[in-house]
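The values are calculated or read from the model by the stated rules, or taken from the named source; none is laboratory data. This structure is a prediction, so every number in the text was calculated from the model and none was measured. We place every Cβ from the backbone using ideal geometry, glycine too, and count neighbours over all the protein chains shown.
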């Protein structure tokens, strides 16, 4: 069975139960669950590859991920929630490789801190770094667990229909919001953490895109808990995610189509009735599910008379997350020969992440507020067989869209000399950071290519090339309208915007959206 279908105008004559806009993990998850419930599903993908931020791209003999660097959630354990869900979606065809015991290294100018696999070991390691702050560390772990437990009822509420959802909202969400409505810095300072300890505990802030003073403690706790049992990587690279899920949707009569952009969501008398494509064709369906992000959905895809009022959907209460640079690097020797471990490096100029970011945004000559270095070929046990004598690395940092605005009307790969020289300068500074923290790579870089917020805008279809949809601020978690059901009848949302950033959360949003549509708790079967 080939992966996906080519677009043919005959598709417009078929009877669809659901059209899903976007083939990211949330759209694929909702698609599979609905297809299994007997619904005829059509997934439309604007890009020429499936998978959203889980796709990969190739140059020469190299292949890189565009969004997945590692996944937590104890995937060795067959009955863990995330593992059960992945096994179900992929018909057990998606395999995982566990990263080394040290999966993240948090690097400051004076010291490197290792994040180790296993909750108990992680706690002991932290206490060995900060013996005087043992109480604060134990309190932090306690809060992380508390927030995680309370998040389940917070997310379950999103699946409940209209009036039931509204009535139960206050008490289903209150325990989670007690902390999620506060900033990470606020909560950590209150329990007695020093600036240095805060800097280390939030050393993965790049995983959700906001430093401690701006981020919700809800997201910090969810990410910390997610990696207690270390990091995992899909064997064969992240493209295996879409490649193992789509056949299951097709086997139930569903279709997934590439290079087919949606121009508008069609509505009639306040109801979603289908979509209009970029080529002008219209496809009708009983419901439309947008996995294109809330801003895209409400600001771009809905026609004016159906744009919800600011009162019902206060879209101005949420901001787009930041854009980013990613330098994709190919090396002419294997990771083993160069001596690369598979631990990610998080490199910081100082312990105060908010100060680092503020300094950089006010003056780009200041050091990058974060540089994340990932070694995908060292994480994938099949890499050397498929790509002998080569390795790949990704180096990522923050990039503001505003800095690239003057080229926003230009085409991918044809943006002109000024743009190319900006890219070359950024590439060189990121290579410098790589050589400093992974000196063995020097002399082996055979190829590199930089993606900017404009690249991600054009290829991932986020308006400002943002990585994490909307920002994970305390305010974001208090938006009651960020749920699958919208004010437009038969129009549903899915994706990281209604849950939180990351593959596992986006996948969970697919389960929540299907639960809302089928009026049945689809989560139960994965939670045993």
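Among the candidates 76, 87, 100, the residue that is modelled with pLDDT of 95 or more, surrounded by fewer than 16 Cβ atoms within 10 Å (Cβ to Cβ) and either out of contact with any strand residue (DSSP E or B) (no Cβ under 7 Å at 6 or more places or on another chain) or farther than 28 Å from residue 450 by Cα (or both) is uniquely 100. Restricted to strands (runs of 3 or more DSSP E) entirely inside the range 254-303, those with at least 3 residues that are farther than 17 Å from residue 50 by Cβ are 262-268, 271-277, 282-290. Out of the range 38-52, which residues are over 21 Å from residue 16 (Cβ atoms) and surrounded by 21 or more Cβ atoms within 10 Å (Cβ to Cβ)? Across the range 38-52, the qualifying residue is only 51. The condition of being crowded, with 24+ Cβ neighbours inside 10 Å and either under 22 Å from the mean Cα position of the chain (by Cα) or free of Cβ contacts under 8 Å to residues at least 24 places away in the same chain (or both) does not hold for residue 223. Being in contact with a helix residue (DSSP H, G or I) (Cβ under 9 Å, 6 or more places away or on another chain), under 17 Å from residue 39 (Cβ atoms) and in the same structural domain as residue 28 (by TED's automatic domain parsing) is a description that applies to residue 290. A residue that is assigned to a loop (DSSP other than H, G, I, E, B), in contact with a strand residue (DSSP E or B) (Cβ under 9 Å, 6 or more places away or on another chain) and touching a residue at least 40 places away in the same chain (Cβ under 8 Å) can be found somewhere in the range 307-318. Where residues in the range 504-528 are in a loop (DSSP other than H, G, I, E, B) and either in contact with a strand residue (DSSP E or B) (Cβ under 7 Å, 6 or more places away or on another chain) or in contact (Cβ under 8 Å) with a residue 60 or more places away in the chain (or both), which of them is surrounded by the most Cβ atoms within 10 Å (Cβ to Cβ)? Step by step, filter the range 504-528, then rank; the result is 522. Annotation: of all residues in the range 477-503 being farther than 18 Å from residue 309 by Cα and in contact with a strand residue (DSSP E or B) (Cβ under 6 Å, 6 or more places away or on another chain), the one that is surrounded by the most Cβ atoms within 10 Å (Cβ to Cβ) is 494.
The rows are residues; the columns are (1) in contact (Cβ under 8 Å) with a residue 12 or more places away in the chain; (2) within 20 Å of residue 343 (Cα to Cα).
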residue	(1), (2)
18	yes, no
23	yes, no
33	yes, no
43	yes, no
49	yes, no
69	yes, yes
80	no, no
105	yes, yes
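Considering only residues in the range 123-151 that are buried (at least 16 other Cβ atoms within 10 Å of the Cβ) and within 22 Å of the chain's Cα centre (by Cα), the one that is farthest from residue 491 (Cα to Cα) turns out to be 144. Going through (1) in contact with a strand residue (DSSP E or B) (Cβ under 9 Å, 6 or more places away or on another chain); (2) not in a helix (DSSP H, G or I) one by one, residue 158 falls short only on (2). Taking the range 114-123 as the range and being farther than 14 Å from residue 200 by Cα and part of a helix (DSSP H, G or I) as the test, the residues that pass are 119, 120, 121.
Is it true that some residue in the range 311-325 is over 26 Å from residue 472 (Cβ atoms), buried (at least 23 other Cβ atoms within 10 Å of the Cβ) and within 24 Å of the chain's Cα centre (by Cα)? Within the range 311-325, not a single residue is over 26 Å from residue 472 (Cβ atoms), buried (at least 23 other Cβ atoms within 10 Å of the Cβ) and within 24 Å of the chain's Cα centre (by Cα). Being more than 21 Å from the chain's Cα centre (by Cα), in contact (Cβ under 8 Å) with a residue 40 or more places away in the chain and assigned to a loop (DSSP other than H, G, I, E, B) narrows it down to one of 367, 349, so name that one. Answer to the check: 349. Give the residue that is farthest from residue 53 (Cα to Cα), with candidates limited to residues of the range 203-253 that are in contact with a helix residue (DSSP H, G or I) (Cβ under 6 Å, 6 or more places away or on another chain) and assigned to a strand (DSSP E or B). Result: 216.
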